[in-house]
Amino acid sequence: MNRSDISGEQQAQEQFGTTSRAAAFQANQVLDHLNGPMQQFIARQEMAFIATASASGACDCSFRAGTRGFVAVLDEKTLVYPEYRGNGVLASVGNILENPHIGMIFLDYYLTTMGLHVNGKAHVLTPSEMEGMPHLPAGILEAMQIKGGRRPEAWIQVNVEEAYVHYSKHVPLMKRLDKHIAWGSDDEFVKGGDFFRTKQTP
């Protein structure tokens, strides 16, 4: 077999001597859908990290958050999450329009310190396209009726191709505190101002 026929993952496993361990993990922990416990885990989460890449492979990692269960599982192969008003750059959405591959990780810092990886293909839905979908969960229907900054400007639908555990060993246990969220605000102080002093950096 030519080296070009071996994936980067397989080459790394050979280099670091983890081929058999990786095979066991793939066989025992990786699914091509979201089973019941995975769906229940996502329904409890208030945040997720997402990774996308442009058509040329330039990567972007971003953070998404909302009320508990803001990422909704439509079925074992499909989930959706809202895109709220942000800085206007739309890096993740732009990447998805060029390249549908997406990676997501949900980390539970407050209860289990477990995580869940979800990889698949995404596409962008307008609010009107979402409204036309049948059998939507109540949480999505409620979100679509919200006015102002909390109303989603778009939705991302993810077709699940791979789902697997992120073990708790290095995930910190944190205490959740309440924080006022000024949805859709353009106030510099409320948003955090020029925290990294980039305006003053030549």
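Read-outs: derived from the displayed coordinates by stated rules, not from any lab. On a predicted model such as this, the values are computed, not experimentally measured, just so you know. Here the Cβ positions follow ideal geometry from the backbone for every residue, glycine too, while neighbour counts run over all protein chains shown.
Structure summary
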{"quantity": "Subset of region 187-202 (residues that are surrounded by 10 or more Cβ atoms within 10 Å (Cβ to Cβ) and either assigned to a loop (DSSP other than H, G, I, E, B) or of a type in the set (Val, Ile, Thr) (or both))", "calculated": "Val190, Gly193, Asp194"}
{"quantity": "Filter result (loosely packed, with under 15 Cβ neighbours inside 10 Å, assigned to a loop (DSSP other than H, G, I, E, B) and either touching a Pro at 6+ places or on another chain (Cβ under 7 Å) or charged (D, E, K, R) (or both)) within region 39-55", "calculated": "none"}
{"quantity": "Residue check for Leu74: under 15 Å from Val160 (Cβ atoms) and over 13 Å from the mean Cα position of the chain (by Cα)", "calculated": "yes"}
{"quantity": "Top-ranked residue of region 154-178 - restricted to ones that are part of a strand (DSSP E or B) and among the hydrophobic types (A, V, I, L, M, F, W, C), ranked as nearest to Ala122 (Cα to Cα)", "calculated": "Val158"}
{"quantity": "Checking Asp5 against (1) within 14 Å of the chain's Cα centre (by Cα); (2) among the charged types (D, E, K, R); (3) loosely packed, with under 13 Cβ neighbours inside 10 Å, the condition it does not meet", "calculated": "(1)"}
{"quantity": "Checklist (1) assigned to a helix (DSSP H, G or I); (2) in contact with a helix residue (DSSP H, G or I) (Cβ under 9 Å, 6 or more places away or on another chain) applied to Leu34, failing item", "calculated": "(1)"}
{"quantity": "Helices (runs of 4 or more DSSP H) lying entirely in region 58-148 (those with 1 or more residues that are surrounded by 14 or more Cβ atoms within 10 Å (Cβ to Cβ) and of a type in the set (S, T, N, Q))", "calculated": "91-98"}
{"quantity": "Residue in region 149-186 that is farthest from His117 (Cα to Cα), counting only those that are among the hydroxyl-bearing types (Ser, Thr, Tyr) and exposed (fewer than 15 other Cβ atoms within 10 Å of the Cβ)", "calculated": "Ser185"}
